[in-house]
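Below is one structure; the comments refer to it alone.
The values are calculated or read from the model by the stated rules, or taken from the named source; none is laboratory data. Note that the structure is predicted; figures quoted are calculated from it, not measured. Cβ: placed from backbone, ideal geometry, glycine included. Neighbour counts: every protein chain shown.
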């Protein structure tokens, strides 16, 4: 079997599976999956990155979560641009899209990458095998939600999940510790010593800093809302 035949078989399998599971479980289950799927979006991770850098100084969490997210942009976005796979709802007439329409490519799933990579990273940060197992299970539910909601083919979600695992391993073993140690070294060399693992004192001593934080968080919410509205149009 040559590569073209394998791709045709994969395409056929993808279409059969998404037609089978699109809207699976009824209206209430679909609503739950829409809520669950939100965890895979960039909004929550951007919130955490900003929180651990401006509100609660935690260079370790910032480094690992930030690198994990950045790797997703570096890996997932170029693949989407190169492959340019159309979304299921643009190809199959019987597919019902239960969320906003996305303009990005279908392969691989950005939500699945975020869910899988951050599940492993957070499990590692809190050093809990049980929590890691639960988070990976939750990431699997998020990956399934992308198929059930009609936004991705199964192969999109599976590959995104696998890349997420790879991204988490690279983050934990290499890039995360590198950035973490760099932040510590820069802090030691700086004339201004930052206090880590505590709330930033500027929040209640400097009104301009507080306003800046509110503007940053507000910008994240605004951009996310505008993107959602754009998808509905």
The range 1-28, residues that are closer than 14 Å to residue 150 by Cα and either part of a helix (DSSP H, G or I) or modelled with pLDDT under 90 (or both): 14, 15, 16, 17, 18, 19, 20, 21, 26, 27
Test: residue in the range 165-174 that is modelled with pLDDT under 90 and touching a helix residue (DSSP H, G or I) at 6+ places or on another chain (Cβ under 6 Å): no
Subset of the range 203-227 [touching a helix residue (DSSP H, G or I) at 6+ places or on another chain (Cβ under 7 Å) and farther than 21 Å from residue 57 by Cα]: 224
Within the range 78-94, considering residues that are in contact with a helix residue (DSSP H, G or I) (Cβ under 8 Å, 6 or more places away or on another chain) and in a loop (DSSP other than H, G, I, E, B), the one surrounded by the fewest Cβ atoms within 10 Å (Cβ to Cβ): 94
Leading residue by the ranking (farthest from residue 220 (Cα to Cα)) among those in the range 48-62 that are in a helix (DSSP H, G or I) and out of contact with any helix residue (DSSP H, G or I) (no Cβ under 6 Å at 6 or more places or on another chain): 55
Meets criteria (under 19 Å from residue 169 (Cβ atoms), under 17 Å from the mean Cα position of the chain (by Cα) and in contact (Cβ under 8 Å) with a residue 12 or more places away in the chain) for residue 105: no
Any hit, the range 69-77, residues being surrounded by 19 or more Cβ atoms within 10 Å (Cβ to Cβ) and more than 20 Å from residue 108 (Cα to Cα): no
